[in-house]
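Undergrad: Attaching a single structure in structure tokens format; questions to follow.
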Amino acid sequence: MLVRNRMTPDPYTVQASASINTLIGLMREKHLRKVPVLDGNKLVGIVTEKDIERVSPSKATTLSVHEIHYLLSKLTVAEAMTKNPITCSPDEYIEDAALLMRQNRVNSLIVVEEGKILGIVTESDLFDALIDMMGGRIPGNKFVLKVDNVPGILERLGRVIAARGTNISHFSMVQGGETAMLYVRTASTIDPQIVREALEGEGFEIADVRIRR
């Protein structure tokens, strides 16, 4: 699955020279938590709610609302933004985008292609992708198997399940040296006990079975 399939396309942007008040108005009106910052057509930063809080007067200030508004009107987005934001290609795989976020300790990436901003992808987008890839939103029977990490194990698994008249709808594997954990989801139209008995009959070790109606 690619980032372009999960990103929010054509995100709102703000110019670096705009005032913080202008940015606050945009974020409130469009319900935004972060906004890419441009200098002309060039991406130069990203600004978040936390950035705005950082440059705003403390809540304990004795300034009046009018004075606070005046101060924020004099501050520019460039003074609050994080420079050189982390970007990725729209053709990046989502797991690579997740790794990039993790390595750089950010919760979003600006999606850029040939110098043009195409979208923005966030942790929430990646969580949604994970849920869909694992079939978390649909009914099904989930089997967690502990298996030997050897060639042919997936072919054996598929053959056993197919012989019971059903199919694997979602699958993932986590390797751990000589063993691996398989997360297998089948359709809810078959009795999970039938599949369980078939798998155990073939020597598969079942760590857990869950049913989602």
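Undergrad: Is it true that residue 212 is closer than 26 Å to residue 129 by Cα and not aliphatic (A, V, I, L, M)?
TA: Judged against the criteria, residue 212 is a match.
Undergrad: In this structure, does residue 176 turn out to be outside the structural domain of residue 49 (by TED's automatic domain parsing) and surrounded by fewer than 16 Cβ atoms within 10 Å (Cβ to Cβ)?
TA: So residue 176 fits the description; yes.
Undergrad: I'd like the residue in the range 9-34 that is modelled with pLDDT of 95 or more and assigned to a strand (DSSP E or B) and, out of all such residues, is nearest to the chain's Cα centre (by Cα).
TA: It comes out as 9.
Undergrad: Hey, which of the strands (runs of 3 or more DSSP E) in the range 91-169, taking only ones fully inside, have at least 1 residues that are assigned by TED's automatic domain parsing to the domain that holds residue 206, out of contact with any Pro (no Cβ under 9 Å at 6 or more places or on another chain) and not small (Gly, Ala, Ser)?
TA: 140-148
Undergrad: On to the next question. Could you please find all residues in the range 180-213 being of a type outside the set (A, V, I, L, M), surrounded by 13 or more Cβ atoms within 10 Å (Cβ to Cβ) and under 28 Å from the mean Cα position of the chain (by Cα)?
TA: Correct list: 183, 185, 186, 188, 212.
Undergrad: Between residues in the range 79-101 that are charged (D, E, K, R) and residues that are surrounded by 19 or more Cβ atoms within 10 Å (Cβ to Cβ), which pairs lie under 6 Å by C-beta distance while being six or more apart or on different chains?
TA: 83/45; 92/3
Undergrad: Check the range 141-163 and report whether any residue there is over 17 Å from residue 202 (Cα atoms) and not hydrophobic (A, V, I, L, M, F, W, C).
TA: yes
Undergrad: Does residue 159 meet the test of being out of contact with any strand residue (DSSP E or B) (no Cβ under 8 Å at 6 or more places or on another chain) and closer than 20 Å to residue 213 by Cβ?
TA: Taking the combined requirement at face value, the residue does not satisfy it.
Undergrad: Okay, next question. Looking only at the range 35-73, filter to residues that are surrounded by 11 or more Cβ atoms within 10 Å (Cβ to Cβ) and charged (D, E, K, R); which one of those is modelled with the highest pLDDT?
TA: Residue satisfying both the conditions and the ranking: 39.
Undergrad: I'm trying to understand the selection: among the residues of the range 11-34, which are touching a Ser or Thr at 6+ places or on another chain (Cβ under 7 Å) and either among the polar types (S, T, N, Q) or surrounded by fewer than 14 Cβ atoms within 10 Å (Cβ to Cβ) (or both)?
TA: Correct list: 17, 19, 21, 33.
The values are calculated or read from the model by the stated rules, or taken from the named source; none is laboratory data. In this text, all values refer to a predicted model and were calculated from it rather than measured experimentally. All Cβ positions, even for glycine, are placed from backbone atoms using ideal geometry, and neighbour counts span all protein chains on display.
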